[in-house]
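Participant: Once you've had a glance at the structure underneath, I'll fire off some questions.
Laboratory data are not the source of any read-out in this text; all were calculated from the coordinates shown. Just so you know, these numbers come straight off a predicted model, no measurement behind them. Positions of Cβ are generated from backbone atoms using ideal geometry, with glycine treated the same way; all protein chains shown enter the neighbour counts.
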Amino acid sequence: MDELPLLRQTKAAYGAEYEKHFFEQYKLYVEMADRVSARRILANSFFVGVHTALITAFTVLLKEKVLQPSLVGLAPFLAVMLLCFIWWRVVYSYRQLNSAKFKVVHALEQMLPVAPYDAEWTAMGRGTNARLYLPLTHVENWVPVCFGLLYLLLAITLYRV
C-alpha cells in the first residue's frame, strides 16, 4: 500500500492528548465512510424510483400510441438513457470515494493496536475473489445498464409498431 500522508505532528509535539485525539479522529473518519455508503444507497433508491416510474410511463405512452416513431418520439428515450449513464457514473464515483476512504482507514489501522477493517477485507479476499465477496458496487453498476436496456427495448418497440 502506498504511504499516505496521515500524520501532521509527532506525539511529542502534539502533547498528552495525542492518542485520545488520534482514536477519536479514527472513529469519526470511519463514521464518515459509513455515511458515504448511506448516501450511495439513498442515491440508488432515488434513481430506482425515478426509473421505475419512467418505465411505467413510457410503457403506457407506447401502448396508448402517444409516442410516435419520429425523432421527437425518440428524444425522451435518449434523455432517459442519458439519465441512466449519469446514474452509472454516480455509482462509479461513490465506488471510487469509498475505495479511497477505506485505504485511509486501513492506513490509520496500521497505527492502532488492532485492524478490524483490514482483517475483514483480507478475509473477503480483498474483493478479488467473487466467491468470497462480490463488492456491491460491481453489482450496482449493472442496475442502470439494465434500465438503459429496457429503455432501448421500449424505443425499438416504438419503431416496430
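Participant: Would you please name the residue that is surrounded by the most Cβ atoms within 10 Å (Cβ to Cβ), looking only at residues in segment 118-153 that are under 19 Å from the mean Cα position of the chain (by Cα) and under 18 Å from Leu4 (Cβ atoms)?
Facilitator: Restricting to residues being under 19 Å from the mean Cα position of the chain (by Cα) and under 18 Å from Leu4 (Cβ atoms), the top hit is Trp121.
Participant: Let me ask you something else. Mind checking which residues of segment 38-72 are within 22 Å of the chain's Cα centre (by Cα) and surrounded by fewer than 14 Cβ atoms within 10 Å (Cβ to Cβ)?
Facilitator: Ala38, Arg39, Ile41, Leu42, Ser45, Phe46, Gly49, Thr52, Ala53
Participant: Take the residues in segment 8-32 that are in contact with a helix residue (DSSP H, G or I) (Cβ under 9 Å, 6 or more places away or on another chain) and of a type in the set (A, V, I, L, M, F, W, C), then tell me which one is surrounded by the fewest Cβ atoms within 10 Å (Cβ to Cβ).
Facilitator: The selected residue is Ala12.
Participant: Across segment 73-117, what is the number of residues that are within 30 Å of Leu152 (Cβ to Cβ), basic (Lys, Arg) and surrounded by 15 or more Cβ atoms within 10 Å (Cβ to Cβ)?
Facilitator: Counting residues in segment 73-117 that are within 30 Å of Leu152 (Cβ to Cβ), basic (Lys, Arg) and surrounded by 15 or more Cβ atoms within 10 Å (Cβ to Cβ) gives 1.
Participant: While we're here: Looking only at segment 62-107, which residues are without any contact (Cβ under 8 Å) to a residue 40 or more places away in the chain and basic (Lys, Arg)?
Facilitator: Of everything in segment 62-107, those that are without any contact (Cβ under 8 Å) to a residue 40 or more places away in the chain and basic (Lys, Arg) turn out to be Lys63, Arg89.
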